[in-house]
Each structure stands twice: as C-alpha cells, then as structure tokens.
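J.: Before I ask anything, here is the structure I am working with.
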C-alpha cells in the first residue's frame, strides 16, 4: 500500500484555508498513485485555538470542511484530524459534545473503528499538562466508555479499509507511560496491519530524540510499522507561542525509522507498506540532534512564522550594545531585507562610548537601517515635571512634595526608550518593535514594565543568558558564516547602563551572576520536580548544590559566607515569586523553545513569595540562630 | 450535633499562615461547645495557585500543615480541604499523585469513607472549564476507581463519625447536572445523616442565586440537610483575579436555607443538627440579589484585597473627566485615606476645558490629592525626534525619512500619559497607577498598549460601558450618599480626546455606539453559545437581532443600510479577534465579576479574524453580490 504522510502547515482558526490546501494535496497524491494520504491531528481547525471551540459557527464550519474532504476520497483513502461533533450530547461543562478525532474516508464514506459508536477514531488519552488542555474541550474515549457501559477495550478497535487494516492513534495515545490504559497495547492485540499516529506535537527541545526512542521501541515490540505525521507552523495560546517542527516519521517493524525532512517545513514522506509482511527501513536511529543548531533553527522559524501571523514586515530593534539585543537584531536580519530592519541606539548620560560604538558596529555588520535617538531631553523633562512636584488636596488642606529616587529614574529611562521612542518609531517605520528580554531576566523581573519588557514578541525569552551567548556564537559561525555580532558584544560586562553604578568600562553591571543564576533559576522553573529554597539550601548544606544545578563553578567562591548565600537566594526567590510574576502578566508573548516557557506552560498566580517551615529551620540552623 | 461552618479567608500559597488561623478558630470553637468545625475546600494551600502544585517542597508543607490540624481534633471534629498526597503513585502527567480532598479528623485521627482506599474523601468531579483546571493537577475518583478495578459507587461512601454519619462532597461534586455520574445521588442511597459540601467557589454574578436554587432542591430531595462552606478572599491565576464571597449556607431537609452573612467577609455559621430527625429552618429563599449592589460590593472587595495582596497603600489614578476614570477614582476613595489617593489630569491641546473642569471637580468632591501635569511638551519633543527623522543604512547606501501620522500621534499621547507620567508619578508617590479600561474597550482593543492599557490592575475591565454608568450612579446614590461623581461626567460624550475629531464640546467622541456595541460584544464574549458574525448577520436578516442581543433600541436606526451594518460588524469583529487579542496578552490583571472575564476564563489565541463560509454566503446575499 502506497502511503503519503502529509506534513502540513496548519493555520489555527482557519478551517477553510487548511481544507483548501488539503484538497490540493489530495489531488496531487492521487495523481502520484498514492493509495492513502494522512494529514496531522486537528489539521482542519488547528490545535491551540483558546476557547474558540465554544463558538458553534466555528464548529459547524469545521464539520462542513470535514465533509468536503470526505468527498475527495475517491480513488484514495484520506485520513485527517478534525473536531468531531455530537450535537445531541453534552460535555461535562454542559457544552456541546466534542471529540478530538481521526477521520478515515474511503470511497466517499467515513469508516470508523469496527466496534465504535461513531464513524471516526476518538482520542483516548487527552493531555492536560504543560500547554495542553485537551480535556477542557474534548470528551475522551474513557468517559464515553463509562457512559456507554462498555469496556474501553471494546471501543478501541482498528479501522477496516479495503486493502489493509489501520490502527488509528492520536498523538498522546502513543505516549501512554503514565496512564493506566494503553490504547496501543489494546490495538496491538487486534489484526491491525499498521499503526498510524496523527499528531499536533509542538516543538520542545530534545522531544524528537525521545519520540524516536519510544516510538521505534513500540514498533519493534508490535512487529508492525508505526507511521507518525505531525504539523508544522506555529500556534499560540496568547502568552506562549509554540512552533511545530513536523519530523513526521515511519518506524519499521524492526525498530528502524525514516524521517520526513526537512524539519520546520511542509513536506511529504511516501512509503510502500507491504501489507502482511514486515517493513524494513535502512539506517539506524539518528544521533542526538545538534543542540544549538536546532535551537537556532526553532528561533528563526518561530520568529518568521510569528511575523507572518501578525502580517508584520518591518521591525525596530532597540540595540544597547549588549548581547541580547544583538542576537535579536541578527535573527531578524536573517528574516528581513535590510531596509525593513531598523536598529536604534538610545543613549542617555549613563551609556558608555563602548556600548554606543558596539551598537553602531553591529548595525554596520548587519547592513541594515540604523538611527541614534538620545533620551536625555525627555528624561530631564520627566524629572522636571515630577521631581519636586507639589501635590495637594483639592481644598488645599494637605500638600506633599514628590521626589524621584535613583531607581525610579532608572525605570524612567527604560520606559522612555520603549514606550516613547520605540513605540513611536515602530509606528513611523510601519512595523513593530521587539522585546529583547532573556529568560534569566524574565524569571526575576530584572526588567522594566512598559520599558524593556515591552514589544510585540519576546523571541529569546525562553533562553537563559548563557544560551543567548551560545546562540550569538552559533549565528556568527554557522548561520552568517562571518562576524555579524561583534566579539566585543560577547565580552562586554552585562549591564543595563541606567546609573553610574552600572558603568561597563569599570566592569560594573547587572546584579545577576552568570552563569550561576542561570542554573539556579533553571532549577526553579524548568527542573522536573521544581526546586524551592528548602531544596537549594539543603543541597548547599549537603555540599552537592553544584551537582544538582549542573553548575560547573564553586558556589562557595561566589558567596564567602552562608549568610551571603542565603541573602542572594532570598533576594532572587522574592523577585521570582513577587514582582517577577506581576511583570510576566503584562509581558509580550514568549516564543517557546523548551519545557516550561513562561505563560501557558508555566502557569502562575500572584501570591507573594513563600518559604516552607523546613526552609526556615534549615536557615536558622545555618545562621546559628 | 453542634456544627460550625467557618467561612475563612484563604491566602493561596501560604499554607502555614492559613493553618495557624484555622488552629486559632478550632480552639475558639471548642470553647464554644462546637462539636464539628468545617473549613472550605483547599483551605490550607489555596485553590488557584497556578503550577505551584508541581513544587514538592510546597506539597510537603501542605501535608505537614494537615497533620497539625489533625492534632487539634481532640474534643471536636475538624473538617478541612487540602491536597492529599500519594507519593508512591503518579498522575497521568507523570508527576506525583495528588487528590483534591476533604479531611475529617476526630480524636487525633483521620477518618475516610467506609470503603475507600484512603483516609480522606476524594473529589469525584473535577471542573475543567472557565477558570478551573482541577484536572490539570489532581487525580479524580473516577480515574482511581478504574485503576483499582472497583465500581465508583463503592468508593463514594459516607464518613462514619462517633455521633453522626457525614456525606462528604467537594464543590463541583454537587454540581452534577452535566456529568454522567452523581456523587450526591450515590451518597443519598447511604445512611449519611447529613451532607457537607466544602467549596472554593469564586464569585460570579448571579451564581449564588443559582446555587440556592440547586442546593435547596437537592436537600429537599434527599430529605437530609446539606451544609455548604465556602472561602472568602481573592485568588488569581495571573491574568484574572477572582473574589470569593463566602455565603456559606445550610439547606434544611425541606428546602429552606440560612446564609452565613455578611458576604465577602470572614464569618461563622453555627447550626444545631438534629441527628436522625429533620432540620427545619425558618424563612424562604432569598430574593434575587440587588444586581448593581452586589456588583459594587464585589468591585470594592476585590480591589481592596488586591491592594492588600500587592501590599500597595498609595494609588494614582489618571482622570480624564470621563466616567471610567471617575468610577475607578471613586472606588479607590472608598478604600484609601484621602492623602493616599492621587488623581492626576494630563491635558494636551486636544483636551477641552469641559473635561479638565470635570476632572478637577471630581477631585474636589472626592477630597483627595490632585495634580495637573500637561503632556504637551513631551509630545512635541517626541514629534521633533521622530517625525522627519532620517534613517539610513550604516554604509549610507539607503535612507528614508520617517513621519508620524495622526493615529500614531494619538497613541504617542496615550503612552506619554501612562508610561511616562503615571508610572513615574506612582513611583514618586510610593504606589501604583490604575488601568481604567472597561470591557467594551478591552474587547475591541480600543485602548493603547503601554498607554491607557497600562496599570497594576484593571478593576472595571469586566464591566461593559453601560454597567460602568450604572455603577457610577450607584456609587453616588448608595455608597457615597452624595454627589461624588459629578453629573457632568455621566452626561459627557465618551471621548478619548486625542484629536480634533474627538471634540466633546462638539458632541464628537469615540467610534463606539453605546449601548448597542455593549450588547453586540457581549454576545461574542459572554453569551453561552458565543455568537459569531454568521449568527449576528442571520439574526439581523431574520429581524430579531435586538431580541437576541437584548438591545432595547432598533439596529436599523443606527445603520441606514445593510452594508453599513455589515461594515460595522466586521470592523469590530476584526478588532476583537485581531489587535484586541494582541493587546489583551499584555493587559493588566482583570478583576472578574461575571462569566467570561478576559484572561483565564476567556482563553484566546492570536490567529487573526476569521469568518465562516456561511457568513460569506449570507453577506453576499445581503449585499446582492
């Protein structure tokens, strides 16, 4: 059986557009002698679409589009993901019954599992973690089995086609290690000739490696081939933007596999499936991917697709001379013609000649548009208007003179740059401006709201500072193949340059200690069992903090005393759980690259910082109180 | 049996603090001869705490606190909600097994349901809609029953106490109308003497009325009393702030009930429960609550608690002379001493004497601090720096002259007010500044990012413009009992006053048509089956749009032709699904008052506006294309 996996770009929320492109692909496949074409999970509606699932007009549109695809299934079997409606039943939220389903159309008809109540395959395992909330909108097969008073194993059945028997799975159905039921195991005991997993699996660094391991082991165990087709494109749930890398794949009955290349692009993978005989593919498992290369590819892809989504063609990047804005500028330079990228340096009295020169050097090397707009006059005006201002009660009974302190003036500068200059400049340039915050800064809110935290997208906000440096080097060495980011940018002391205390020429800068704080913050945010101060202090006292954090240095070299260590820990923990949260609520969308990007994959509440009793005990013991 | 319902304020994320207050309450109750004290669901950890459920240190702390409460159960039965841990099992996300549980402690021991595997009552129905995501973190009793290969009805059993048999329920367990199982029905078939529902049920306008209807019907059907204890306080999941109004209640066996008053306050409700005999309470069901009064109470309570949460004591409100900022100012005036509230008017050349006078009149009537800070100089400076600016490529090969258009200059003014003046002023004043956007503006993004959309909290952003007017009137008539908000504010044409086209003295203002657009937008956002353009246009053509929207006027009076109607519909739908989403992503937290507050209760993705095929057909037919 000649099968085509159609790794397609899905435009979430635009069913007709997706369907039109699928119809064109079906026609092409039919002409090429393909007997079965498979599209990804939720190929018609898109997968991450917020609560748009609650709009009946949208649901009816998706249903209608599904019918159009059914009509195309003459001479070719068409498999695709769509929302399946049962308008007579309700979900547990009282809304109309919806399933996340795989439709199999042959000769103008939908064919469902042999023993199921519906003519489509229903997703059994609905992920409800990280950014996923399938169970918010869809009824799963387990609930249906309870409702129908039938054993689940009866409802999980293969789909009989004319020339083969298909074991249908949707994404999570094959990631069953933590569930008490295994759809794949149930299907394995049937006469399915092959297994087809249609997925909408967002890119997460290192996930492909894991999937190849898991899926090829499964195919080998089942002694039957497993086909996997995934989306490309981007989808977001507001705060967090996810890219889809495709990497659709065929796993043969012996555990070998063949990938659909390239990643992050529409492509097809054709396979001749010997029905009733084992499939053998050449080649071993791919080696672990090039870490920084994949990260850089995901960054460029996600940013490019987000520009397309927002229909943005021109971008303004505020460049400070530091590495974060340099990396952002360089990334956009790969995506835009030089005349559509404007770099702007906005010096105040605190900016050194060093960074101003570096900023201009960057613009020269990136060969794009550049401007220098000082903020001195405006900052002085704000100071004049507010510092020393006398406010009073309307009846004159009380008055008070206001003053702007040093920290306040730092924030005035940051806001002046973004909300006054960059926003107006972007408007005049006919585009948007970027947020250049990294994950280290975002974690502890070392950033000014309406200042450097403003922007239409924070595309490097899922990268720790050290990862930003690594991307900078990679961009020079591999992507540009030349010095695009000046070396001075990378050797510079990281500094906001908002006060004399942050003079880079004197080696003074940010209060963050790199890379130690990267590792510390990562343990709070990205570590599987997210660490809290009691864990950190416990490891410190046990002498294995460096090992736990994966930090190559020695923590005792950074903090001469336990008191200093604890003061630092609490300072940043307070920021992470305090102002950090408040700032992230108003932060721009973050491009997700790894597990636990801020936003929908790292949900949080403003609650104020909290310490456990065990922590307090450890601390008291340590400080000898 | 003498029972006390302890309607307590829960501080989410702070288990020790909550536990200490519960211990104090237990001691008081014991002294008062109470035999059973009941605290709300998740009284120890809090209910809406984001992904903090993934931090083991936090979970251990909650467990430890539960143990402390157990120790207090000598001479009194102590019932409370907490997370229950089974460290040996896993949830389906691979994380440690957690249940949302009711603990019943008697004589120093926890007692569970007769036939359950654990010494606590596990929540059966986990809500997974609106702001709820219980199933993201907790394993429910249905999944446990499947895992244990036991019928669910066997696991739902009453808790035997020495002097009575308790039927335990957690919140959603009693809201079973859309579920295929009813824990209450199963419990009804047991020998339970009474039912106790511990809840963490956020305030939603009109929900209490519904609960009283549902719960008293249930108690009457069961012929046994139903006790309900709910939290007070606020909890948030970042974007959306929910208040809890308490209103704990006893429903007697005949359907009568008695409420714990007041709402939105810590209180206790004592009840003598005749074991084995019916309970009779005097009085009929309360009448439907005073709509605007409840709304106003919820606004004041939520705002006050959010101030406390953020430890904010001073507030700056930018006042335009319009109704939104006047209502916000008046609300804060109820919560702060006069010297801690600063109202500031920030005129530009486009602001009329009318609004400037109204703003000052408001400040006079609210008797608080006031200032007037013009933005003219700064706006002129921004124009000088950017309008006409020549940008060029670093090698001089290309150049371009930028210009700031009219709309751009409007946004420059709005950002100047918020990000330059208000932010600096708040900092100098030692406080925060507010966001005064209403729900109508927020829906269609009729607001400037980093401008009037900035602020620490958007407390009226769940109110349509007409509701803001109603609150204004209510504040004058009932809350202040005098003219606090000048009548001129309410009769003024709503206008942003950012250009000559918005001259209020000439009756020119915002492009929004009140109250029609309020009703239109509400159908997109708050209506149960959320409307889309195809619904709206369909109703328009059927002549029943007014009825569907609840709009008292005639739509044909607003739009002379179908083409004009369609142009308006599409203009605002494009804004709602387009820039509106992008702006809401960076909006401040919204205080929720009703169903579908923006943020976590109305989840959305940036996808660009979309229209169904059916809409296109209707439109073509209407326009005669």
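The values are calculated or read from the model by the stated rules, or taken from the named source; none is laboratory data. What you see is a predicted model, and the numbers here were worked out from it, not measured in a lab. Cβ: placed from backbone, ideal geometry, glycine included. Neighbour counts: every protein chain shown.
J.: Filter the stretch A:223-234 for residues that are crowded, with 20+ Cβ neighbours inside 10 Å and farther than 17 Å from residue A:299 by Cβ; which is nearest to the chain's Cα centre (by Cα)?
T.: Step one: list which residues in the stretch A:223-234 are crowded, with 20+ Cβ neighbours inside 10 Å, which gives A:224-234.
With the extra rule that they be farther than 17 Å from residue A:299 by Cβ, the set shrinks to A:224-231.
Details: A:224: 33, A:225: 30, A:226: 27, A:227: 25, A:228: 21, A:229: 20, A:230: 16, A:231: 14 Å.
Filtering first and then ranking leaves A:231.
J.: Residue under question is residue B:13, and the condition is that it be within 30 Å of the chain's Cα centre (by Cα), assigned to a loop (DSSP other than H, G, I, E, B), within 14 Å of another protein chain (Cβ to nearest Cβ) and on the phi > 0 side of the Ramachandran plot; does it hold?
T.: Values: within 30 Å of the chain's Cα centre (by Cα): yes; assigned to a loop (DSSP other than H, G, I, E, B): yes; within 14 Å of another protein chain (Cβ to nearest Cβ): yes; on the phi > 0 side of the Ramachandran plot: yes.
Considered against the rule, which asks whether it is within 30 Å of the chain's Cα centre (by Cα), assigned to a loop (DSSP other than H, G, I, E, B), within 14 Å of another protein chain (Cβ to nearest Cβ) and on the phi > 0 side of the Ramachandran plot, residue B:13 comes out as yes.
J.: Something else: Counting residues that are out of contact with any helix residue (DSSP H, G or I) (no Cβ under 7 Å at 6 or more places or on another chain), which helices (runs of 4 or more DSSP H) fully inside the stretch B:133-177 reach at least 3?
T.: Working: elements: B:134-137, B:141-148, B:152-155.
Hits in the stretch B:133-177: B:141-148.
J.: Return the residues of the stretch A:332-350 that are more than 11 Å from chain B (Cβ to nearest Cβ), surrounded by 23 or more Cβ atoms within 10 Å (Cβ to Cβ) and either within 19 Å of residue A:488 (Cβ to Cβ) or more than 29 Å from the chain's Cα centre (by Cα) (or both); say none if nothing qualifies.
T.: Those that are more than 11 Å from chain B (Cβ to nearest Cβ), surrounded by 23 or more Cβ atoms within 10 Å (Cβ to Cβ) and either within 19 Å of residue A:488 (Cβ to Cβ) or more than 29 Å from the chain's Cα centre (by Cα) (or both): A:333, A:345.
J.: Would you call residue A:584 in contact with a strand residue (DSSP E or B) (Cβ under 9 Å, 6 or more places away or on another chain), in a helix (DSSP H, G or I), under 30 Å from residue A:297 (Cβ atoms) and within 12 Å of chain B (Cβ to nearest Cβ)?
T.: Numbers: in contact with a strand residue (DSSP E or B) (Cβ under 9 Å, 6 or more places away or on another chain): yes; in a helix (DSSP H, G or I): yes; under 30 Å from residue A:297 (Cβ atoms): yes; within 12 Å of chain B (Cβ to nearest Cβ): yes.
When the stated conditions are applied, residue A:584 passes them.
J.: I'm checking my understanding of the structure. Among residues of the stretch A:133-160 that are in contact (Cβ under 8 Å) with a residue 40 or more places away in the chain and over 19 Å from residue A:95 (Cβ atoms), which one is surrounded by the fewest Cβ atoms within 10 Å (Cβ to Cβ)?
T.: So, considering only residues that are in contact (Cβ under 8 Å) with a residue 40 or more places away in the chain and over 19 Å from residue A:95 (Cβ atoms), the one surrounded by the fewest Cβ atoms within 10 Å (Cβ to Cβ) is A:160.
J.: Please specify each residue of the stretch B:377-387 satisfying the condition of being buried (at least 20 other Cβ atoms within 10 Å of the Cβ), under 15 Å from residue A:379 (Cα atoms) and facing chain A (nearest Cβ under 7 Å). Before you say what the answer is, go through the steps one by one.
T.: Just the residues of the stretch B:377-387 that are buried (at least 20 other Cβ atoms within 10 Å of the Cβ), to begin with: B:378-379, B:382, B:385-386.
So of that shortlist, the ones also under 15 Å from residue A:379 (Cα atoms) come out as B:378-379, B:382, B:385.
Residues satisfying the conditions are B:378, B:382, B:385.
J.: Any residue at all in the stretch B:467-478 that's in a helix (DSSP H, G or I), in the same structural domain as residue B:358 (by TED's automatic domain parsing) and over 19 Å from residue B:300 (Cβ atoms)?
T.: Narrowing the stretch B:467-478 to residues in a helix (DSSP H, G or I): B:467-478.
Narrowing the set further to residues that are in the same structural domain as residue B:358 (by TED's automatic domain parsing) leaves B:467-478.
Okay, now just the ones that are also over 19 Å from residue B:300 (Cβ atoms), so none.
No.
J.: Also, I was wondering about something else. Which pairs turn up if I take residues in the stretch A:56-72 that are within 11 Å of chain B (Cβ to nearest Cβ) and look for partners that are surrounded by fewer than 18 Cβ atoms within 10 Å (Cβ to Cβ) with beta carbon separation below 7 Å, at least 6 apart in sequence or on another chain?
T.: Matching pairs, first to second residue: A:56/B:529; A:61/B:613; A:64/B:613; A:68/A:23.
J.: Mind checking which residues of the stretch A:307-325 are under 30 Å from residue B:610 (Cβ atoms), touching a strand residue (DSSP E or B) at 6+ places or on another chain (Cβ under 6 Å) and either within 10 Å of chain B (Cβ to nearest Cβ) or crowded, with 21+ Cβ neighbours inside 10 Å (or both)?
T.: Start the filter on the stretch A:307-325 by keeping residues that are under 30 Å from residue B:610 (Cβ atoms), which leaves A:307-316.
Right, trim to touching a strand residue (DSSP E or B) at 6+ places or on another chain (Cβ under 6 Å) and you get A:312, A:315-316.
Those that are under 30 Å from residue B:610 (Cβ atoms), touching a strand residue (DSSP E or B) at 6+ places or on another chain (Cβ under 6 Å) and either within 10 Å of chain B (Cβ to nearest Cβ) or crowded, with 21+ Cβ neighbours inside 10 Å (or both): A:315, A:316.
J.: Looking at residue B:366, is it modelled with pLDDT of 95 or more and surrounded by fewer than 24 Cβ atoms within 10 Å (Cβ to Cβ)? Before the answer, list the steps.
T.: On the way: modelled with pLDDT of 95 or more: yes; surrounded by fewer than 24 Cβ atoms within 10 Å (Cβ to Cβ): no.
Answer is no for this residue.
J.: Could I ask something else about it? Sort through A:615, A:540, A:576 and tell me the only one that's out of contact with any strand residue (DSSP E or B) (no Cβ under 7 Å at 6 or more places or on another chain) and under 17 Å from residue A:439 (Cβ atoms). Lay out the reasoning, then the answer.
T.: Working: A:615 fails: under 17 Å from residue A:439 (Cβ atoms); A:540 fails: under 17 Å from residue A:439 (Cβ atoms).
One residue alone meets the criteria, A:576.
J.: Additional query: For residues in the stretch A:591-613 being outside any loop (DSSP other than H, G, I, E, B) and within 10 Å of chain B (Cβ to nearest Cβ), which is surrounded by the most Cβ atoms within 10 Å (Cβ to Cβ)?
T.: Filtering first and then ranking leaves A:599.
J.: Still on this structure, I have one more. If we scan the stretch A:429-440, do we find a residue that is assigned to a helix (DSSP H, G or I) and within 11 Å of chain B (Cβ to nearest Cβ)?
T.: Looking only at the stretch A:429-440, we keep the residues that are assigned to a helix (DSSP H, G or I), and these are A:429, A:439-440.
Filter again for within 11 Å of chain B (Cβ to nearest Cβ), leaving A:429.
Yes; the residues of the stretch A:429-440 include at least one that is assigned to a helix (DSSP H, G or I) and within 11 Å of chain B (Cβ to nearest Cβ).
J.: Of everything in the stretch B:195-217 that's touching a strand residue (DSSP E or B) at 6+ places or on another chain (Cβ under 6 Å) and buried (at least 23 other Cβ atoms within 10 Å of the Cβ), which residue is modelled with the lowest pLDDT?
T.: The selected residue is B:215.
J.: Of A:188, A:164, A:192, which residue is touching a strand residue (DSSP E or B) at 6+ places or on another chain (Cβ under 9 Å), assigned by TED's automatic domain parsing to the domain that holds residue A:263 and touching a residue at least 40 places away in the same chain (Cβ under 8 Å)? Spell out the reasoning first.
T.: Details: A:188 fails: touching a residue at least 40 places away in the same chain (Cβ under 8 Å); A:192 fails: touching a residue at least 40 places away in the same chain (Cβ under 8 Å).
None of the others qualify; the one that does is A:164.
J.: Residues to consider are B:63, B:9, B:17, B:92; find the one that is at pLDDT below 95, in the same structural domain as residue B:202 (by TED's automatic domain parsing) and surrounded by fewer than 24 Cβ atoms within 10 Å (Cβ to Cβ). Break it down into steps so the answer makes sense when it comes.
T.: Values: B:63 fails: at pLDDT below 95; B:9 fails: at pLDDT below 95; B:17 fails: at pLDDT below 95.
One residue alone meets the criteria, B:92.
J.: Inspect all residues belonging to the stretch B:535-542 and state whether any of them is surrounded by 21 or more Cβ atoms within 10 Å (Cβ to Cβ) and under 29 Å from the mean Cα position of the chain (by Cα). Can you show your working first?
T.: Restricting attention to the stretch B:535-542, the residues satisfying the condition of being surrounded by 21 or more Cβ atoms within 10 Å (Cβ to Cβ) are B:535-537, B:540.
Then keep just the ones that are under 29 Å from the mean Cα position of the chain (by Cα); that gives B:535-536.
So far as the stretch B:535-542 goes, yes, one or more of its residues are surrounded by 21 or more Cβ atoms within 10 Å (Cβ to Cβ) and under 29 Å from the mean Cα position of the chain (by Cα).
J.: While we're here: Residues being facing chain A (nearest Cβ under 7 Å), under 30 Å from residue B:319 (Cβ atoms) and touching a residue at least 12 places away in the same chain (Cβ under 8 Å): count how many of those fall in the stretch B:388-415.
T.: 4
J.: State which residue pairs qualify: first residue more than 7 Å from chain A (Cβ to nearest Cβ) and inside the stretch B:521-535, second residue in a helix (DSSP H, G or I) and surrounded by fewer than 18 Cβ atoms within 10 Å (Cβ to Cβ) in any location, beta carbons under 8 Å apart, and separation of 6 or more residues or different chains.
T.: From the stretch B:521-535, the pairs are B:523/B:548; B:531/B:548; B:533/B:570.
J.: Just checking, how many residues over the stretch A:481-496 are assigned to a helix (DSSP H, G or I) and free of Cβ contacts under 8 Å to residues at least 60 places away in the same chain?
T.: Matching residues across the stretch A:481-496 total 2.
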